[in-house]
Amino acid sequence: MKKSTDGNSIPLEDAARLSGRLAFNILFKPAGSLCNLGCDYCYYLDKSRLYGGREPRMSLEVLESVTRAYIEANDVPEVQFVWHGGEPLVVGLDFYRKAVDFQKKYADGKTIHNSIQTNGTLLSPDWAGFFRDNGFLVGLSLDGPESVHDQYRRDRGGKPTFARVMEGLRMLREHGVEFNTLTTVSKAGEGRGAEVYRFLKDAGSRYMQFLPVVEFVKDRDGDGRPLIADPSDEGVRPAEWCVSATGFGRFMTDVFDEWVRSDVGEYYVQLFDSALSAWCGLREGVCVFGRTCSGNAVVEHNGDLYVCDHFVYPEYRVGNVLETPIRTLMETEAVKRFAYRKWTSLPRECRQCAWLPACNGECPQHRRSDDGKNVLCEGYKFFFSHAAPYMDRMRKLLSEGRAPAEIINTKHIAYETD
C-alpha cells in the first residue's frame, strides 16, 4: 500500500470535504441512554448522568423541529435518519409513525432513508410490519452463539437475552425486513471468530459489522458497575471485558479466512469492504477508518448536539438544535477542531506505518492517553498483514474489470508489490 503524506497538515481532499457542500449524518437518540438491558460493556448507559440521572423521551415537538432542521441542513438529494440508543424502541411505535409523517412533510423532494439499531428484545409482529412497510433497515445487536452473547448482554435483572433476540430475528425474517447484524467483539469472543461468523451466516445475516469492545473505566463512588470514561481522563484503565489487541486481530483474521475462501460477493463484512476500498485508493466508507472525524454527530432527546456518539461528554457538546440551526452547529470551529484532531494527533509511528491508509489510527476513543497509539494497533497490523495478498489480488481483479469474488477460485496467492 502507498502511505499518506507525512506531517501535521490536513490532506487537501479532507479539508475540501469539511469546508464544501454540507452533508452529514446524525444519530438520533429519542430516548437517550434509556434501555431495557444492562450490558456490561455499554458505553451509553452512563449518559443519563448528564441529565440528572433521568432520560425523558423526545417529545413530538422536538421530533418535528429536528426532522425539519436536519433535512433542510443537508445539501444532498438523499438524507439518512439513523435511530439509536440506548434502545430506540422504548419510545413506542407511534413515535416512529409520526417521525415518518414529519419526514414526508418536510422532504421537499429529497429521498429519505431510515435505519434503526436495536437489541431485538422488544420486537413484535407490529414492529416488523412497520419496518417492512416503511423501508427501514434494521441493525440487530447479536454477539454470536448463546454462550458468547449472554456473557455480557443481559437485561436489567441480570437475565440472559439470547433467546429473546433470536425470536426478534425470526420475526424480522418472517416479515421480510431488511436487516444486518452488529456484533461486538469482547473478551468473550476471543478465539471464536470462525464460530461466530458461521453462526451469523446460519442466522441469516448477510451484512455484518464487528465492533471491538474497548472501553476505559474508573471506579465510581460506592459499589456497582465501573464508570465508562473518556480515554483522556486521568486514572482510567481498560475495562475487564475488553478484547485484547491480539485477540481482536486473530478474531477478524479467522473470520476473513472463512469469508475469502467461499463468501466473497455473497456475504459482506464492513471491515473487509473498508480495507478493499483503501487498497483501491478510494475514500473510506467507515468513519473509524477515516483520516478525520466528521459528519457523524449525535442529537439527544432534548436537542443537544454532540460531535460524536463516543464523545458524549460535556466538553464535546456543541449546542442545541432548537436554539441554533444544525447547519451553524455543524460548521462551528469546535466541530472542525474535533475532526482535524484525529489526523494531527497521530503519533510518528502511525504516520510511518505501512497500514496507515487502511487504518488512519482507527477511532480516537481507542487511543491511549500516554503515547496516542491505538490500543488495538497490534491486532490491526496482524489482520492487515494477513489480508494483504488477498486484497492485492482483489484490487487487481477490479482493475481488470472482473469481480473480486473470482478470488475464491484462486489456488495460490502471492504477495504483490506496487
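Any residue at all in region 228-243 that's modelled with pLDDT of 95 or more and touching a Leu at 6+ places or on another chain (Cβ under 6 Å)? No, region 228-243 contains no residue that is modelled with pLDDT of 95 or more and touching a Leu at 6+ places or on another chain (Cβ under 6 Å). Just one residue in the set Gly285, Gly290 is touching a helix residue (DSSP H, G or I) at 6+ places or on another chain (Cβ under 9 Å), modelled with pLDDT under 95 and open to solvent by less than 10 Å² (accessible area, probe 1.4 Å); that residue is Gly290.
Looking only at region 103-136, residues that are surrounded by fewer than 21 Cβ atoms within 10 Å (Cβ to Cβ) and over 22 Å from Tyr44 (Cα atoms) come to 20 in all. Listed by position, the strands (runs of 3 or more DSSP E) inside region 106-218 whose residues that are farther than 28 Å from Glu240 by Cβ and touching a strand residue (DSSP E or B) at 6+ places or on another chain (Cβ under 7 Å) number at least 1 are 111-118, 137-141, 179-185, 207-212. For region 378-394, the count of residues that are surrounded by 16 or more Cβ atoms within 10 Å (Cβ to Cβ), of a type in the set (Phe, Trp, Tyr) and not in a helix (DSSP H, G or I) is zero.
Consider Arg261 carefully, then state whether it is open to solvent by 50 Å² or more (accessible area, probe 1.4 Å) and in a helix (DSSP H, G or I). Considered against the rule, which asks whether it is open to solvent by 50 Å² or more (accessible area, probe 1.4 Å) and in a helix (DSSP H, G or I), Arg261 comes out as yes. Of the residues examined, Lys98 is not one that is modelled with pLDDT of 95 or more, open to solvent by 20 Å² or more (accessible area, probe 1.4 Å), closer than 30 Å to Tyr197 by Cβ and charged (D, E, K, R).
Of the residues that make up region 214-227, is at least one within 22 Å of Glu378 (Cβ to Cβ), touching a Cys at 6+ places or on another chain (Cβ under 9 Å), surrounded by 18 or more Cβ atoms within 10 Å (Cβ to Cβ) and touching a residue at least 40 places away in the same chain (Cβ under 8 Å)? So far as region 214-227 goes, yes, one or more of its residues are within 22 Å of Glu378 (Cβ to Cβ), touching a Cys at 6+ places or on another chain (Cβ under 9 Å), surrounded by 18 or more Cβ atoms within 10 Å (Cβ to Cβ) and touching a residue at least 40 places away in the same chain (Cβ under 8 Å). Looking across region 111-144, the residues that are closer than 30 Å to Glu190 by Cβ and among the aliphatic types (A, V, I, L, M) come down to Ile116, Leu122, Leu123, Leu137, Val138, Leu140, Leu142.
Of the residues Arg173, Arg156, which is at pLDDT below 95 and more than 24 Å from Asp257 (Cα to Cα)? After applying the criteria, what remains is Arg156. Within the option set Thr328, Thr324, being free of Cβ contacts under 8 Å to residues at least 12 places away in the same chain, hydroxyl-bearing (Ser, Thr, Tyr), assigned to a loop (DSSP other than H, G, I, E, B) and over 26 Å from Lys381 (Cβ atoms) holds for one residue only, Thr324. In region 35-76, which residue that is under 19 Å from the mean Cα position of the chain (by Cα) and in a loop (DSSP other than H, G, I, E, B) is surrounded by the fewest Cβ atoms within 10 Å (Cβ to Cβ)? Once the filter is applied, the top-ranked residue is Asp40. Considering only residues in region 301-317 that are of a type outside the set (S, T, N, Q) and more than 30 Å from Asp273 (Cβ to Cβ), the one that is surrounded by the fewest Cβ atoms within 10 Å (Cβ to Cβ) turns out to be Pro314. The residue list Arg164, Arg173, Arg154 contains one member that is in contact (Cβ under 8 Å) with a residue 60 or more places away in the chain and of a type outside the set (A, V, I, L, M, F, W, C), which is Arg154. Only one entry in Arg192, Arg153, Arg198 is of a type in the set (D, E, K, R), closer than 16 Å to Met252 by Cβ and open to solvent by less than 70 Å² (accessible area, probe 1.4 Å), namely Arg192. Annotation note: of Ala275, Ala334, Ala297, the sole residue that is among the small types (Gly, Ala, Ser), assigned to a helix (DSSP H, G or I) and buried (at least 18 other Cβ atoms within 10 Å of the Cβ) is Ala275. Of all the listed residues (Thr328, Thr324, Thr344), the sole one being polar (S, T, N, Q) and open to solvent by less than 50 Å² (accessible area, probe 1.4 Å) is Thr324. Quick one: how many residues across region 314-341 are β-branched (Val, Ile, Thr) and under 16 Å from Ile71 (Cα atoms)? Adding up the residues that qualify gives 4.
In this structure, does Val79 turn out to be β-branched (Val, Ile, Thr) and either part of a loop (DSSP other than H, G, I, E, B) or within 18 Å of Tyr306 (Cα to Cα) (or both)? So Val79 fails the test.
The values are calculated or read from the model by the stated rules, or taken from the named source; none is laboratory data. Every value quoted in this text rests on a predicted model; they were computed, and no experiment measured them. Every residue, glycine among them, receives a Cβ derived from its backbone with ideal geometry; neighbour counts consider all protein chains shown. Protein only, heavy atoms only, side chains kept; ligands, DNA and RNA dropped before computing areas. Shrake-Rupley method; radii C 1.70, N 1.55, O 1.52, S 1.80 Å.
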